[in-house]
Amino acid sequence: MDTFFPWSQQISPIDQTVLNQIIGAIAGEEGVDPMKLDISLQRHVATDAIQDLVNHESNAWRLQFETPNHVVEVTGNDKIIVDGTHTSTVLNGS
């Protein structure tokens, strides 16, 4: 069963997967359910840039951004790192 995330309206399924994984990684770091996490990624990073990078031919990239309580890094080798801890692997959209 797919989980609906309110911030994922009008975003492609692959984008939703990556964004949901980032939200899940942040929620995991906080020890809360992703649905109870009070954060909007769009306020902290261009979410379309995340998808463009995930779909990029090269994996020689990393994107780091800050939320009020965390530093999040998404890498070209399919990793999500929150506060320096590898917490998740991105499902690559290609």
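The values are calculated or read from the model by the stated rules, or taken from the named source; none is laboratory data. No experiment lies behind these values; they were computed from the predicted model shown. In this analysis, Cβ positions are derived from the backbone assuming ideal geometry, glycine residues included, and neighbour counts consider all displayed protein chains. The area values use the complete protein model at the heavy-atom level, side chains included, leaving out ligands, DNA and RNA. Shrake-Rupley method; radii C 1.70, N 1.55, O 1.52, S 1.80 Å.
Of all the criteria given as (1) of a type in the set (S, T, Y); (2) touching a residue at least 60 places away in the same chain (Cβ under 8 Å); (3) open to solvent by less than 50 Å² (accessible area, probe 1.4 Å), the one not satisfied by S58 is (2).
Annotation: F4 fulfils all but one of (1) modelled with pLDDT of 90 or more; (2) open to solvent by 80 Å² or more (accessible area, probe 1.4 Å); the unmet one is (1).
Taken together, the residues in the range 20-43 that are surrounded by 13 or more Cβ atoms within 10 Å (Cβ to Cβ) and without any contact (Cβ under 8 Å) to a residue 24 or more places away in the chain amount to 4. When S12, S88 are screened for being modelled with pLDDT under 90 and touching a strand residue (DSSP E or B) at 6+ places or on another chain (Cβ under 7 Å), only S88 passes.
All of (1) of a type outside the set (D, E); (2) in a loop (DSSP other than H, G, I, E, B); (3) open to solvent by 30 Å² or more (accessible area, probe 1.4 Å) hold for A49 with one exception: (2).
Are any residues in the range 15-35 of a type in the set (D, E, K, R), modelled with pLDDT of 90 or more and more than 13 Å from T87 (Cβ to Cβ), and if so, which ones? Once the filter is applied, which keeps residues that are of a type in the set (D, E, K, R), modelled with pLDDT of 90 or more and more than 13 Å from T87 (Cβ to Cβ), the range 15-35 yields only D33.
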